[in-house]
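Please see the structure below; I have some questions.
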Amino acid sequence: EEVAAVPGAPLPPPGPPPGYAGGRAAPPLPTGPLPSSAQRVGMATPGQPPLPPMPHPSQIKAAAAAEKGGNPRAFLASLELAAYAPVFDRERITLADISLLTEPDLERLGLPLGPRRRVLAAVAGGDV
């Protein structure tokens, strides 16, 4: 039941709202030491070391590209820019060189604005 506010009318008494079926006390809080966050989510077993952190997907891509001998083809493919791999091959640009490229460099290589931005964002994000 909803009560309309009337100017000058007294406020309802404090207490539970109408229709509250409560009245029971809240369960007691647990006592003792709190479990670690890893134990709360079930990641660690007592007596065993915690699991190592998982690498970010971009780190996996960069590692895969580095395993291919520093060839930037895998890096470009991860950005869906494999069509530009021949340009990088022709200019003898290695995977290590990509992090040194500037936007004017990429423009001189013939990359349009979108692909230039993707390469620069990947470099800034540490994907190389």
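Please arrange 31, 102 by accessible surface area, largest first, computed with a 1.4 Å probe and ligands excluded.
31, 102
Continuing with this model, one more query. Using each residue's phi in segment 75-85, evaluate 6.51 cos²θ - 1.76 cosθ + 1.60 at θ = phi - 60° and report the 3J(HN,Hα) Karplus result to the nearest Hz, with x for Gly and Pro.
Residue by residue, segment 75-85 yields 4, 5, 5, 5, 9, 6, 10, 4, 4, 8, 4 Hz.
In nm, to one decimal, how far is the modelled label at residue 107 from the one at residue 77, with both set 7 Å along Cα→Cβ?
3.1 nm
Once label points are set 7 Å from the Cα along Cα→Cβ at both residue 96 and residue 121, what is their separation, rounded to one decimal in nm?
2.8 nm
Placing unit charges on C-beta atoms (Lys and Arg positive, Asp and Glu negative, everything else neutral), compute the dipole magnitude of segment 66-124 about its Cα centre in debye, rounded to 20.
Values: 8 positive and 8 negative charges, 16 e Å.
Here segment 66-124 has a charge dipole of around 80 debye.
The values are calculated or read from the model by the stated rules, or taken from the named source; none is laboratory data. Because the structure is a prediction, the values reported are computed rather than measured. Reconstructed Cβ throughout: ideal geometry from the backbone, glycine too, with neighbour counts over all protein chains shown. With ligands, DNA and RNA removed, areas are computed over all heavy atoms of the protein, side chains included. Shrake-Rupley method; radii C 1.70, N 1.55, O 1.52, S 1.80 Å.
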